[in-house]
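The structure appears right after this line, and notes come after that.
The values are calculated or read from the model by the stated rules, or taken from the named source; none is laboratory data. None of these values were measured; they are calculated from a predicted model. All Cβ positions, even for glycine, are placed from backbone atoms using ideal geometry, and neighbour counts span all protein chains on display. Calculation scope for accessible area: heavy atoms of the full protein, side chains included, ligands and nucleic acids excluded. Shrake-Rupley method; radii C 1.70, N 1.55, O 1.52, S 1.80 Å.
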Amino acid sequence: MTAAAPTKTQYEAIIGLETHCQLSTHTKIFSSSSTEFGATPNTNIDPVCMGLPGVLPVLNQKVLEYAVKTGLALNCQIAPYSKFDRKQYFYPDLPKNYQISQYDLPIATNGYLEIELVDKGGNAVRKRIGITRVHMEEDAGKLVHAGSIGGASRNENRLSGSTYSLVDYNRAGIPLLEIVSEPDIRSAQEAAEYGRELQRILRYLGVSDGNMEEGSLRCDVNISVRPVGQEEFGVKVEIKNMNSFSAIQKAIDYEIERQIEALESGEPIVQETRLWEENTQQTISMRTKEGSSDYRYFPEPDLGPIEVSTAQLETWKAELPELPAAKRHRYEEELGLSADDTRVLTDDRAVAEYFEAAVALGASTKQAANWVMGDITAYLKDRKLNIGEIALTPATLAELLELIEDGTISGKIAKEILPELLADGGSAKELVERKGLTQISDTSALEAIVDETIAAHPKELEEYRNGKTKLQGFFVGQVMKRTNGRADPKLTNQLLGRKLKG
Amino acid sequence: MEFDRNSVRKVAHLARLELTADEEQQFSGQLSSILDYFEQLSELDTADVPPTTRVIDVSNVTRSDELQPYTDREAILQSAPEQEGDYFKVPKIL
């Protein structure tokens, strides 16, 4: 036995996400200005969102509805009594010098969402990530660095050396949900999947477009590392400025490495906010974190409390669609689809519902799944379309698959006419008849064609009979050519096999 | 209740106020006496009284999500000390 080498310490990461999501309402959370993205600066402003004296904010009913529905979809408890609070800080993007938010009585608490990762064997691995709270608040405006109008984010502005800043308050007062997870996440991959699942849920509900590039979905990550087995948490660092799920994954991987290196070399980890830099692929220190008590929250005196009635809650609950996790379970357990196929089909609610409609109209599950994920998805990607924008209805897809199933057309013909159906719609059956594409599966008719084909290629026939039996494929090809692909492939092979042998 | 000068400085910093040494001294005294005045409330037994955050008893005041753009955007822009084009202009941050 050799002397044991010192075991390398194993570390684990403790990760929680704080996500801000812009709600897809027409108007702002407390006033009737537009929420349109990309409008001319300072056109969607009004005395309420600008915090002028004497104004009275009034809560947008849709914001409450969307917040409660999101809470329900995240398996939260909806607060029987909820209120708004003022969070005070000075920053030029905040016209009132306070943000109306929710502090101690958020609208929803104590829920979870389920992420599904696929392991190397293709099996679904499910994990629940706790949701601490969901609350409603208003967004702030946007600072634009002088000389770079239209571009830079707040963080870039802070780092540059201009003498003044310009402010656009179009975004001030746009409704946000802040969704805070429990520190249940243990890897960068889990964090990215949590973000994707949250985005999926918000889109299924139709409460947000979840667009990360336009900033409608913004994720901040809290992360610490500790040796496996240690009870207490390590020092927590916050990372911001990631605008894609892959950036979240890379930033976390980088940060885990950085923190482990610091621990190993005995350097202190400071509690701070760090920014992910896409160009250099690293996190950089932004500022040391101030205590949260400095925000001096107090109850917003201009807004009454929210008491969601049981009847209202039941109405909103009944309006929820089947959510992604429930769909995944059903596709895998009831429809017998693989975890991979299920993930692809359920990613977008409209695609899932299209697939389900085709199946409900008689299409086989496996066939419908293959066509939706294969040719139809490829067409959508190619043309940059949504599934709702194609002329091919689920009914026509079911009809097309039925034509293959009953032998009227071959799969090859089906693929050939698909582009026309995708673009123009109409009946698959009529198209097949109009184009004379019906499969030739009548034995005597096909026999005649096979005979002609063999007679036309005496040289190949001789070679075949001298043992080069691979040439059967050549004859199949010739039959297909003569019939424009209409010959029943199975029958063609049978007939050729018999006749070639003589 | 003593509200010392360090507390005055902290509050002044949070409120972005610059105070002279004399003012710090003066406010320390004034704020202490204001807090003392409020302190009288703690003579009451409020153990079984729920906290009051507002005196008007209304809840669930909401409006429908209907667009009503504000028509005098220019007036809001002009009410700020400085503008540049469509923007409000503010001193450099940090």
**Study point:** From A:Gln88, A:Gln99, residue being within 30 Å of B:Val11 (Cβ to Cβ), open to solvent by 10 Å² or more (accessible area, probe 1.4 Å), of a type in the set (S, T, N, Q) and at the interface with chain B (Cβ under 9 Å from one of its Cβ atoms)
**Key:** A:Gln88
**Study point:** Spans of strands (runs of 3 or more DSSP E) in segment A:188-304 with at least 2 residues under 30 Å from A:Ala325 (Cβ atoms) and not aliphatic (A, V, I, L, M)
**Key:** A:217-227, A:237-242
Exercise for review: Being modelled with pLDDT of 95 or more and within 14 Å of chain B (Cβ to nearest Cβ) narrows it down to one of A:Tyr164, A:Tyr194, A:Tyr169, A:Tyr204, so name that one.
Suggested key: A:Tyr169
Check your understanding: Is it the case that A:Pro419 is over 24 Å from the mean Cα position of the chain (by Cα) and touching a residue at least 24 places away in the same chain (Cβ under 8 Å)?
Key -> yes
Point to revise | Cβ pairs under 9 Å, 6+ apart, first in segment A:461-488 and among the aromatic types (Phe, Trp, Tyr), second assigned to a loop (DSSP other than H, G, I, E, B) and open to solvent by less than 80 Å² (accessible area, probe 1.4 Å) | key: A:Phe474/A:His457; A:Phe475/A:His457
Practice item. Would you check if A:Asn155 is farther than 30 Å from A:Gly111 by Cα and modelled with pLDDT of 90 or more? Key: no
Practice item. Select, from A:Ile454, A:Ile449, the only residue that is in contact with an Asp or Glu (Cβ under 9 Å, 6 or more places away or on another chain), farther than 22 Å from A:Asn370 by Cα and in a helix (DSSP H, G or I). Key: A:Ile454
Check your understanding: Just one of the numbered conditions (1) at pLDDT 95 or above; (2) more than 14 Å from chain B (Cβ to nearest Cβ) is not true of A:Glu231; which one?
Key -> (1)
Study note, to complete from the structure: Per the filter on segment A:80-139, residues of a type in the set (D, E, K, R) and assigned to a strand (DSSP E or B) are A:Asp85, A:Arg86, A:Lys87, A:Glu114, A:Glu116, A:Arg126, A:Lys127, A:Arg128, A:Arg133, A:Glu137, A:Glu138
Review point. Quick check: anything in segment A:16-23 out of contact with any His (no Cβ under 7 Å at 6 or more places or on another chain), of a type outside the set (Lys, Arg) and in a loop (DSSP other than H, G, I, E, B)?
Key: yes
Check your understanding: If you take the residues in segment A:51-70 that are open to solvent by 20 Å² or more (accessible area, probe 1.4 Å) and facing chain B (nearest Cβ under 7 Å), which one is nearest to B:Asp86 (Cα to Cα)?
Key -> A:Val58
Exercise for review: Identify all residues within segment A:102-114 that are open to solvent by 10 Å² or more (accessible area, probe 1.4 Å) and among the hydrophobic types (A, V, I, L, M, F, W, C); write none if there are none.
Suggested key: A:Leu105
Exercise for review: Looking for whichever is hydroxyl-bearing (Ser, Thr, Tyr), assigned by TED's automatic domain parsing to the domain that holds A:Ala363 and either over 20 Å from A:Trp371 (Cα atoms) or surrounded by 17 or more Cβ atoms within 10 Å (Cβ to Cβ) (or both) here; the options are A:Ser410, A:Ser427. Which one fits?
Suggested key: A:Ser410
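Condition check ((1) in a helix (DSSP H, G or I); (2) within 13 Å of chain A (Cβ to nearest Cβ); (3) open to solvent by 100 Å² or more (accessible area, probe 1.4 Å)) across all residues:
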{"position": "B:Met1", "(1), (2), (3)": "no, no, yes"}
{"position": "B:Asn6", "(1), (2), (3)": "yes, no, yes"}
{"position": "B:Leu31", "(1), (2), (3)": "yes, no, no"}
{"position": "B:Ile34", "(1), (2), (3)": "yes, no, no"}
{"position": "B:Asp48", "(1), (2), (3)": "no, no, yes"}
{"position": "B:Ile56", "(1), (2), (3)": "no, yes, yes"}
{"position": "B:Asp65", "(1), (2), (3)": "no, yes, no"}
Point to revise | Flag for A:Tyr331 being in the same structural domain as A:Leu403 (by TED's automatic domain parsing) and open to solvent by less than 70 Å² (accessible area, probe 1.4 Å) | key: no
Study note, to complete from the structure: From the option list A:Leu437, A:Leu491, single residue qualifying as at pLDDT below 90, under 18 Å from A:Gly411 (Cα atoms) and not in a helix (DSSP H, G or I) is A:Leu437
Point to revise | A:Leu471 being touching a Leu at 6+ places or on another chain (Cβ under 7 Å) and in a helix (DSSP H, G or I) | key: no
**Study point:** Any chance A:Leu361 is surrounded by fewer than 19 Cβ atoms within 10 Å (Cβ to Cβ), under 24 Å from A:Ile413 (Cα atoms) and touching a helix residue (DSSP H, G or I) at 6+ places or on another chain (Cβ under 7 Å)
**Key:** yes
Study note, to complete from the structure: Considering segment B:71-86, residues that are open to solvent by less than 80 Å² (accessible area, probe 1.4 Å) and farther than 14 Å from A:Met50 by Cβ, and then whichever is nearest to the other protein chains (Cβ to nearest Cβ), we arrive at B:Asp86
Review point. Restricting attention to segment A:75-85, which residues are surrounded by 21 or more Cβ atoms within 10 Å (Cβ to Cβ) and either over 30 Å from B:Ala15 (Cα atoms) or hydrophobic (A, V, I, L, M, F, W, C) (or both)?
Key: A:Cys76, A:Ile78, A:Ala79, A:Phe84
**Study point:** Residue satisfying all of: in segment A:215-258; without any contact (Cβ under 8 Å) to a residue 60 or more places away in the chain and of a type in the set (S, T, N, Q); nearest to A:Thr35 (Cα to Cα) among these
**Key:** A:Asn243
Exercise for review: Using the structure shown, decide if B:Ile93 is surrounded by 11 or more Cβ atoms within 10 Å (Cβ to Cβ), among the β-branched types (Val, Ile, Thr) and away from every other protein chain (no Cβ under 14 Å).
Suggested key: no
